[in-house]
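Chemist: Dumping the structure here so I can ask a few things about it.
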Amino acid sequence: DGAISFKDVHFAYDPARPILKGISFDVPAGKTVAVVGPSGAGKSTLSRLLYRFYDVQQGTITIDGQDVRDVTQKSLRSVIGMVPQDTVLFNDTIAYNIRYGRPGASDEEVTAAAEAAQIGPFIRHLPEGFKAMVGERGLKLSGGEKQRVAIARTILKSPPILILDEATSALDTRTEQEIQAALDVVSKNRTTLVIAHRLSTVISADEIIVLKDGVIAERGTHGELMQRE
Ligand code: ADP
Ligand code: ADP
């Protein structure tokens with residue numbers, strides 16, 4: 001479920017400067033494909049096209065064979081979960097932040113998601129913010145803890161498709177490894193598109209796509225790419 005296919009995708013923000021010049025690859029259902037490449041290569045643009053923040057100018061993107069241009073943004077958002085580089089929290093409890101977008105979720109479900117993401121002890125707390133000014137003490141979450149909130153939100157949503165957009169790149173090495181381990185659990189058996197700038201962070205991906213100058217410069221497993229270097 002949730003197989004993604006990029007076929008001959010072209011995109012430019014400015015017609016004079018094409019960003020993607022005919023990108024084709026698949027993310028088979030339940031598999032993890034990582035897109036790596038230097039900053040500015042167009043990696044995030046691929047995820048924005050999948051999410052339909054923008055539409056492709058040539059080529060197609062399909063999910064389970066259906067062109068995303070025939071799908072509303074609302075329904076795309078219901079099947080795609082996203083863990084961004086920096087999670088911005090609302091000034092409300094961690095539980096509220098985890099439940100965000102899923103008003104129907106029960107307290108038990110929110111607690112279970114928080115525990116699975118190892119942020120359980122914090123769920124009644126408020127992140128640092130305006131509530132702190134009205135007398136309640138805000139809790140200053142570290143970058144890794146904020147990513148755990150995003151992971152808990154994703155566990156609760158349980159989308160068939162996951163986009164991890166530099167989800168660990170703002171963290172120090174040790175925290176990065178912990179959060180990566182949590183993300184590996186969440187992405188198991190989900191169709192996952194990972195965006196990263198370093199090959200070393202996507203060792204376990206089923207396939208790695210190296211983007212350079214708007215085209216796929218190389219592709220293969222981590223082992224295959226290392227052997228070719
Ligand atoms: P990456 O994720 O690989 O770092 P992006 O997909 O974010 O790259 O961006 C690719 C290129 O497109 C960059 O040169 C960036 O400056 C440019 N770009 C990104 N977003 C916009 C935008 N909204 N308008 C114009 N140019 C953009
Ligand atoms: P979702 O169903 O994934 O929650 P939404 O439409 O509610 O989708 O949210 C759109 C995007 O905003 C998603 O990528 C989601 O991860 C992100 N988002 C959700 N909560 C927050 C938040 N507290 N701050 C910033 N972005 C958020």
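Chemist: Place a label point 7 angstrom from the Cα of residue 39 along the Cα-to-Cβ direction, then list the residues of the range 9-25 whose backbone nitrogen is under 12 Å away.
Modeler: It comes to no residues whatsoever.
Chemist: A further question on this structure: Quick one: which residues, 5+ away or cross-chain, put their amide H under 5 Å from the amide H of residue 2? H built at 1.01 Å from N.
Modeler: HN-HN under 5 Å from residue 2: 64.
Chemist: What angle do you read, to the nearest 10 degrees and between 0 and 90, between the alpha-carbon axis of helix 173-187 and the longest principal axis of the chain?
Modeler: 80 degrees
Chemist: Separate question: Report the residue, chosen from 17, 77, 48, that carries the largest GNM mean-square fluctuation when the chain is represented by alpha-carbon nodes joined by springs under 10 Å.
Modeler: In this elastic network of the chain, the residue with the biggest mean-square fluctuation among 17, 77, 48 is 17.
Chemist: By its C-alpha gyration tensor, with a ≥ b ≥ c as the square roots of the eigenvalues, how is the range 67-107 shaped: rounded for a/c under 1.5, else prolate for a/b larger than b/c, else oblate?
Modeler: Numbers: a/c = 3.34, a/b = 1.72, b/c = 1.94.
Oblate, because a/c is 1.5 or more while a/b does not exceed b/c.
Chemist: About its Cα centre, what dipole magnitude does the range 45-92 give when the only charges are +1 on Lys and Arg Cβ and -1 on Asp and Glu Cβ, stated in debye to the nearest 20?
Modeler: Around 80 debye, computed over the range 45-92.
Chemist: So, one more: Give the residues of the range 214-229 whose amide nitrogen is closer than 19 Å to a point set 7 Å from the Cα of residue 203 in the direction of its Cβ.
Modeler: The answer is 220-229.
Chemist: Separate question: Could you tally the net charge around residue 68, taking each other residue with its Cβ under 11 Å from the Cβ of residue 68, Lys/Arg +1 and Asp/Glu -1?
Modeler: On the way: positive: 52, 69; negative: 55, 64, 67, 70.
Taking every other residue near residue 68 into account, the sum is -2.
Chemist: By how many degrees, between 0 and 90 and to the nearest 10, does the Cα long axis of helix 143-157 differ from the longest principal axis of the chain?
Modeler: Here the helix axis deviates by roughly 80 degrees.
Chemist: Something else now. Name the long-range amide H neighbours of residue 217: under 5 Å, sequence gap of 5 or more, or other chain; modelled H, no Pro or chain starts.
Modeler: So residue 217 has HN proximity to 210, 211, 212.
Chemist: Let me ask you something else. Using R₀ = 22 Å, calculate the FRET efficiency as 1/(1 + (r/R₀)^6) where r is the Cβ-Cβ separation of residue 219 and residue 8; round to 0.05.
Modeler: Working: r = 15 Å, r/R0 = 0.70.
Working from the Cβ atoms, E equals 0.90.
Chemist: For residue 189 and residue 55, FRET efficiency with R0 = 30 Å and r from the beta-carbon atoms, rounded to 0.05?
Modeler: On the way: r = 29 Å, r/R0 = 0.98.
Once rounded, the FRET efficiency stands at 0.55.
Chemist: Could you derive backbone 3J(HN,Hα) for the range 106-123 from the dihedral phi with the Karplus parameters 6.51, -1.76 and 1.60 (θ = phi - 60°), listing whole Hz in sequence and x where the residue is Gly or Pro?
Modeler: Result, ordered by residue: 7, 4, 5, 5, 5, 4, 5, 5, 5, 5, 4, 8, 6, 10, x, x, 9, 5 Hz.
Chemist: Roughly to the nearest percent, how much of the accessible area of the chain is carbon and sulfur, given a 1.4 Å probe?
Modeler: Values: 5850 of 11690 Å².
Roughly 50 percent, rounded to a whole number.
Chemist: Explain nothing, just compute: Karplus ³J(HN,Hα) = 6.51 cos²θ - 1.76 cosθ + 1.60, θ = phi - 60°, for every residue of the range 60-70 in order, whole Hz, x for Gly and Pro.
Modeler: Along the range 60-70, the couplings run 9, 10, 10, 10, 6, x, 9, 4, 5, 5, 9 Hz.
Chemist: Search the structure for amide H atoms under 5 Å from the amide H of residue 162, placed 1.01 Å from N in the peptide plane, and list their residues when 5 or more places away or on another chain.
Modeler: It is 81, 191, 192, 193, by chain and number.
Chemist: Give me the dipole magnitude in Debye, nearest 20, for the range 1-82 about the Cα centre, with unit charges on the beta carbon: positive for Lys and Arg, negative for Asp and Glu. Could you put the intermediate results ahead of the total?
Modeler: Details: 10 positive and 8 negative charges, 55 e Å.
Charge dipole of the range 1-82: 260 debye, to the nearest 20.
Chemist: Would you mind getting the accessible area per residue of the chain, heavy atoms of the protein chains only, 1.4 Å probe, in Å²?
Modeler: Details: 11690 Å² over 229 residues.
Per residue, the chain has an accessible area of 51 Å².
The values are calculated or read from the model by the stated rules, or taken from the named source; none is laboratory data. Bear in mind that the values here come from a model prediction, so they are computed numbers and not experimental data. Virtual Cβ from ideal backbone geometry, glycine too; neighbours counted across all protein chains shown. Side chains are part of the model used for accessible areas, which takes the heavy atoms of the whole protein and leaves out ligands, DNA and RNA. Shrake-Rupley method; radii C 1.70, N 1.55, O 1.52, S 1.80 Å.
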